[in-house]
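Data block below; observations after.
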Amino acid sequence: MKWWKHLKTINHHKRLVMKYCFRLGMYKQGLLHDLSKYSPTEFLVGAKYYQGNRSPNNAEREDKGYTSAWLHHKGRNKHHLEYWVDYDLNGEGMIGMKMPVKYVVEMFCDRIAASRNYNPDTYTDELPLNYYLKGRAKSILHPESAELLERLLRMLAEKGEDETFSYIRREILTKEVRRERI
């Protein structure tokens, strides 16, 4: 029955991200979010390593030393910072490329949904920020993308969902759409 619990977890996560994306007028991203999780490459591994309180990718990584599902997932979903890692033109190695704003916003929605999904009884609006600050993501993420994501996560922690989502819609996405049209 682990496969059924895993399916329920992904469906719940996807519904949360859809709700947040729809709230921001990002309908296409909400509908398409994480569809690769239903592919056999990701779903079967997720079902095998399902635990319910954390990503199955961590369990696979502990077992094998890598995670095939994550390697598949990050290469197909533009809201993950790892999708945007590439070689630096100056020969400095791998660096984070600047993410389009709509994918940073989707990443923001994804982080809230994941925090709610794995911490249903203890979720607070500070949790997504704390998880981000604790992680290694900010060392790979492009500085401008990192600044935007952290600003949104801090606003969520300090002012809550309603004010943050209103700000994103009014100040972030509206200005981005205007820039794209020019």
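The values are calculated or read from the model by the stated rules, or taken from the named source; none is laboratory data. Please read all numbers here as calculations on a predicted model, not as lab measurements. Note: ideal-geometry Cβ built from the backbone for every residue, glycine included; neighbour counts use all protein chains shown. These area figures cover heavy atoms from the full protein model, side chains too; ligands, DNA and RNA do not enter into them. Shrake-Rupley method; radii C 1.70, N 1.55, O 1.52, S 1.80 Å.
Residues that are crowded, with 18+ Cβ neighbours inside 10 Å and more than 20 Å from residue 24 (Cβ to Cβ) were ranked within the range 84-102; the one that is modelled with the highest pLDDT is 84. Residue 78 meets all of the listed conditions (1) assigned to a helix (DSSP H, G or I); (2) surrounded by 15 or more Cβ atoms within 10 Å (Cβ to Cβ) but one, namely (1). Scanning the range 19-32 for residues that are within 9 Å of residue 113 (Cβ to Cβ) and either in contact with an Asp or Glu (Cβ under 7 Å, 6 or more places away or on another chain) or open to solvent by less than 80 Å² (accessible area, probe 1.4 Å) (or both) yields a single hit, 20.
Here residue 131 clears all of (1) in contact (Cβ under 8 Å) with a residue 24 or more places away in the chain; (2) in contact with a Lys or Arg (Cβ under 8 Å, 6 or more places away or on another chain); (3) open to solvent by 70 Å² or more (accessible area, probe 1.4 Å) except the condition numbered (1).
Taken across the range 103-125, residues that are open to solvent by 10 Å² or more (accessible area, probe 1.4 Å), over 22 Å from residue 10 (Cα atoms) and not polar (S, T, N, Q) do not occur at all. Scanning the range 38-58 finds no residues that are outside any loop (DSSP other than H, G, I, E, B), of a type in the set (Asp, Glu), within 26 Å of residue 169 (Cα to Cα) and touching a helix residue (DSSP H, G or I) at 6+ places or on another chain (Cβ under 8 Å). The number of residues in the range 66-79 that are at pLDDT 95 or above and farther than 20 Å from residue 47 by Cβ comes to 2.
For the range 33-66, give me each residue that is surrounded by 17 or more Cβ atoms within 10 Å (Cβ to Cβ), hydroxyl-bearing (Ser, Thr, Tyr) and more than 14 Å from the chain's Cα centre (by Cα). If the condition is that a residue be surrounded by 17 or more Cβ atoms within 10 Å (Cβ to Cβ), hydroxyl-bearing (Ser, Thr, Tyr) and more than 14 Å from the chain's Cα centre (by Cα), then 49, 50 are the ones that fit. Any residue that is more than 23 Å from residue 30 (Cβ to Cβ) and either touching a Gly at 6+ places or on another chain (Cβ under 6 Å) or hydroxyl-bearing (Ser, Thr, Tyr) (or both) - is there at least one of those in the range 126-137? No, the range 126-137 contains no residue that is more than 23 Å from residue 30 (Cβ to Cβ) and either touching a Gly at 6+ places or on another chain (Cβ under 6 Å) or hydroxyl-bearing (Ser, Thr, Tyr) (or both). Filtering the range 86-144 to residues that are more than 20 Å from residue 35 (Cα to Cα) and of a type in the set (S, T, N, Q) leaves 90, 119, 122, 124, 130, 139. When the range 140-177 is filtered for residues that are closer than 14 Å to residue 25 by Cβ, open to solvent by 50 Å² or more (accessible area, probe 1.4 Å), modelled with pLDDT of 95 or more and touching a helix residue (DSSP H, G or I) at 6+ places or on another chain (Cβ under 9 Å), only 169 remains.
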